[in-house]
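Below you'll find the structure, written out as structure tokens, and then a few comments.
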């Protein structure tokens, strides 16, 4: 099997690529950067490519892969930038439509729980999307366009809605990295929000395995929540991280305001995901 991947230099992409390289597949990394870390084995090749500037057939340029794992997306973590709608969305759609009309038969794209907007409580794949961020709106619109393309060029779309991932290599401004840095620095206190927000957290390593399992399967899955299915407060998560690191750092609660673009309590249902993984 030949697998193409975009966005391999990002947080999710690095872990997905590493997981793919542990599988029995040939890999082409379509990337604006040629990082030595990409070449972990002889079955990985790098294709210099900027999806915003591809003028010829990107599907054939990538060697007509059996599946494309599309993780590339610019402009994060500014979730309210108009560039998500005005620049990134048309770029993404143009690239993916070119791949599909040229013959791509299986496409895996990472969506986001931000597509659900301010919906509270337990959220399933059938829940209405009502994004309140530019990023969530752009992703939701892209998905709808890709689903419409199925009528003119039939293919399998796996739209993986990622919830709150964490782990090594995450942005230095993420909660995980900020706490890690504070502990390594020997800080005695860690400034954070009140910590009462309920979220759905998943280690990046597990998320990467899920992405690869679905990408390499023959199952037509549609929209899938990539989540733990377990509601957890931010405070509980930080407490667990502190214990794991054998640290005595103290949480300085209430120093950072709660987000205005996320509900106080929401998490994903994992029933569909578990059924898919059990069927593999």
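The values are calculated or read from the model by the stated rules, or taken from the named source; none is laboratory data. This structure is a prediction, so every number in the text was calculated from the model and none was measured. When we count neighbours, we look across all protein chains shown, and the Cβ atoms used for this are built from the backbone with ideal geometry, even at glycine.
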Practice problem: Report the residue count in the stretch 2-15 for those that are over 14 Å from residue 67 (Cα atoms) and touching a residue at least 60 places away in the same chain (Cβ under 8 Å). | Solution: 7
Quiz item: Restricted to the stretch 107-132, and to residues that are surrounded by fewer than 20 Cβ atoms within 10 Å (Cβ to Cβ) and in contact (Cβ under 8 Å) with a residue 24 or more places away in the chain, which residue is nearest to residue 62 (Cα to Cα)?
Solution: 125
Quiz item: Any chance the stretch 29-48 includes a residue that's on the phi > 0 side of the Ramachandran plot and either in contact (Cβ under 8 Å) with a residue 12 or more places away in the chain or not in a strand (DSSP E or B) (or both)?
Solution: no
Quiz item: Got a sec? Which of 256, 242 is over 20 Å from the mean Cα position of the chain (by Cα), modelled with pLDDT of 95 or more and surrounded by 17 or more Cβ atoms within 10 Å (Cβ to Cβ)?
Solution: 242
Practice problem: Could you check how many residues of the stretch 232-263 are part of a loop (DSSP other than H, G, I, E, B), more than 25 Å from residue 185 (Cβ to Cβ) and in contact with a strand residue (DSSP E or B) (Cβ under 7 Å, 6 or more places away or on another chain)? | Solution: 0
Exercise. With respect to residue 115, determine if the residue is part of a helix (DSSP H, G or I), in contact with a strand residue (DSSP E or B) (Cβ under 7 Å, 6 or more places away or on another chain) and at pLDDT 95 or above.
Key: yes
Quiz item: When residue 23 is evaluated against the numbered criteria (1) closer than 21 Å to residue 100 by Cα; (2) in contact with a helix residue (DSSP H, G or I) (Cβ under 8 Å, 6 or more places away or on another chain); (3) modelled with pLDDT of 95 or more; (4) assigned to a loop (DSSP other than H, G, I, E, B), which criterion, by number, is the only one it fails?
Solution: (1)
